[in-house]
């Protein structure tokens, strides 16, 4: 009976208020929400006008620089069959846990907490190792591109970055 009543109310509202739309909730136990499409459009326009992409990109660039600097300062580490001697950079670990799991990650406990820790550890290890790899490749290229006054013909000056 309640299902028929809901359908009847929905039909009645739709007929009398055509500008009102029903939005199905993502959760099964929550009822549909009523929204005015003009209000949603106005809210989205307002939100877009408030967002300044340059400011967001600037903040992301600052965070990226801080994380990269911390990763490059991390002591050298290589896999020896166990991750017990690997310590994640604390700022990177905090950033990755919030990026991957959101701010509610601090409320997680038990077996879920262990899964979160393991995922964050693996992502941090991946990022640290790849950041160092990229940094070492970049410094190798920079060294190759330094001009040399060597009369030795074996010095390779055909590198694409060497244009002197």
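What is the distance, in nm, between label points placed 7 Å from the Cα along the Cα-to-Cβ direction at residue 62 and at residue 5?
Roughly 5.5 nm, to one decimal.
I need 16, 68 ordered by Cβ neighbour count within 10 Å, fewest first.
Lowest count first: 16, 68.
Between residue 25 and residue 90, how high is the FRET efficiency from 1/(1 + (r/R0)^6) when r is the Cβ-Cβ distance and R₀ = 25 Å? Nearest 0.05.
Efficiency at R0 = 25 Å is approximately 0.05.
Mind pulling up the Rg/Rh value for the stretch 2-42? Radius of gyration and Kirkwood radius, both on Cα.
Rg/Rh: 1.01.
Values in this text are rule-based calculations from the coordinates and carry no lab data. All values derive from a computational prediction rather than experimental measurement. For neighbour counting, all protein chains shown are included, and Cβ atoms are generated from backbone atoms with ideal geometry for every residue, glycine included.
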